[in-house]
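**Q** I am attaching a structure below and will ask some questions about it afterwards.
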Amino acid sequence: MSVKPLLTFDELIEKMKDLGIHFDRVTETEAKDFLSNSNYFFKIGAFRKNFHKDFEGRYNIDFRQLQELARLDMKLRYLLLQYCLDIEHSIKTYLLRLITNDPDEDGYDIVQHIFSTQRNATEFKNAIFSSVRFYDKGKLKFIDGFQKYYEKPPVWVVLEIMTMSKLKPFIVYLSNAKPRNTKLKKMRNGIRYTSMLRNECAHNRPIIFNLRNNNHHISKPIYTNAKRKGFTNEEIQIYKVAQIFALMDLHALVCGDGMRRNRYKDFVVFKQEFQHVEDLFQDNKYISRFQSAINRLVDIYQI
């Protein structure tokens, strides 16, 4: 496998020119300053995937377009991560309340049952305890207070330390046990999309990225619900739009008015910032559809 050499900032500018990225709205000096202080080529270069190449395999985009997409994407990731944290807290609180109020649950058996339904129960449990367990000189140790719960953990400890990605089996179990609970059913439909988006935001993976790729399958409940709320087929077929819609819908379902009001104000600000630079992308139907979906989300979930 060939190894690509580390390029200087001047060489990166020349590489971008070769790719069809020009510097009419931003000078080369400004671009180098941005790359050296605010971003890096691998990440900002990823946003070019939202644009077509010509028959020679080159783009026809300005560095300013990539710069603004990178700036908007960072703001969107930070904003959506706050939505995800609200959802994680609210779902955990709701599940614990359901379990606590059930006289047939002791808080231990439910955990053992859910562990037993996993393909690898030990691996699943270790993943849940990963934030409180570690190895020291080859010996397994725990943060103070957690070792006593490892062998037979109660649900209140498990919910406290687990990540959002491990919540789905608990939601599935309870929705099967309580089939009349429509809230659990809706949680079940949206948690996978929200969990994936949470990981992408937390690990700084681009969101406004490769919007032209619509090869992902969108589940029928998410697709049908989005269409019912006014999304066009072109909008909801953008996978990132489907993810954000599922997140917003779940946030509205499980979070209180105070949380929703605070996040909504921030989402309106993001919408306005996107509108300030929309002229840069008016000829790109994919980015325009994404922006249209953002506007629709603001209208649907206003509070």
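**Q** Which residue pairs have Cβ atoms under 7 Å apart, sit 6 or more places apart or on different chains, and have a first residue in the range 32-51 that is more than 17 Å from residue 207 (Cβ to Cβ) and in the same structural domain as residue 69 (by TED's automatic domain parsing) and a second that is modelled with pLDDT of 80 or more and assigned to a helix (DSSP H, G or I)?
**A** 32/9; 32/13; 34/67; 35/9; 35/12; 36/9; 41/12; 41/35
**Q** Still on this structure, please answer the following. Which condition number in (1) surrounded by fewer than 16 Cβ atoms within 10 Å (Cβ to Cβ); (2) touching a residue at least 40 places away in the same chain (Cβ under 8 Å); (3) among the aliphatic types (A, V, I, L, M); (4) not assigned by TED's automatic domain parsing to the domain that holds residue 249 is the one that residue 143 fails?
**A** (2)
**Q** For residue 88, all conditions in the list (1) touching a residue at least 40 places away in the same chain (Cβ under 8 Å); (2) exposed (fewer than 11 other Cβ atoms within 10 Å of the Cβ); (3) not hydroxyl-bearing (Ser, Thr, Tyr) hold save one; what is the number of the exception?
**A** Tallying (1) touching a residue at least 40 places away in the same chain (Cβ under 8 Å); (2) exposed (fewer than 11 other Cβ atoms within 10 Å of the Cβ); (3) not hydroxyl-bearing (Ser, Thr, Tyr), residue 88 fails exactly one: (2).
Let's see how each residue does on (1) without any contact (Cβ under 8 Å) to a residue 12 or more places away in the chain; (2) buried (at least 19 other Cβ atoms within 10 Å of the Cβ); (3) of a type in the set (S, T, N, Q); (4) in contact with a helix residue (DSSP H, G or I) (Cβ under 8 Å, 6 or more places away or on another chain):
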| position | (1), (2), (3), (4) |
| --- | --- |
| 191 | no, yes, no, yes |
| 223 | no, no, no, yes |
| 227 | yes, no, no, yes |
| 237 | no, no, yes, no |
| 248 | no, yes, no, yes |
| 251 | no, yes, no, yes |
| 262 | yes, no, yes, no |
| 269 | yes, no, no, no |
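**Q** Kindly list, by first and then second residue, each pair from a residue in the range 108-121 that is touching a residue at least 24 places away in the same chain (Cβ under 8 Å) and closer than 12 Å to residue 174 by Cβ to a residue that is in a loop (DSSP other than H, G, I, E, B) and charged (D, E, K, R), limited to pairs with Cβ atoms under 7 Å and residues at least 6 apart or on different chains.
**A** Correct list of pairs: empty, since none qualify.
**Q** In the range 17-27, which residues are touching a Lys or Arg at 6+ places or on another chain (Cβ under 9 Å) and surrounded by 13 or more Cβ atoms within 10 Å (Cβ to Cβ)?
**A** Residues satisfying the conditions are 19, 20, 21, 23, 25, 26.
**Q** Please count how many residues of the range 118-133 are farther than 13 Å from residue 161 by Cα, among the polar types (S, T, N, Q) and surrounded by 12 or more Cβ atoms within 10 Å (Cβ to Cβ).
**A** Adding up the residues that qualify gives 1.
**Q** Can you work out which of the residues in the range 246-275 that are touching a Leu at 6+ places or on another chain (Cβ under 7 Å) and among the acidic types (Asp, Glu) is farthest from residue 182 (Cα to Cα)?
**A** Within the range 246-275, the match that is farthest from residue 182 (Cα to Cα) is 273.
The values are calculated or read from the model by the stated rules, or taken from the named source; none is laboratory data. Quantities reported herein were computed from a predicted structural model and do not represent experimental measurements. Neighbour counts run over all protein chains shown; Cβ positions are idealised from the backbone, glycine included.
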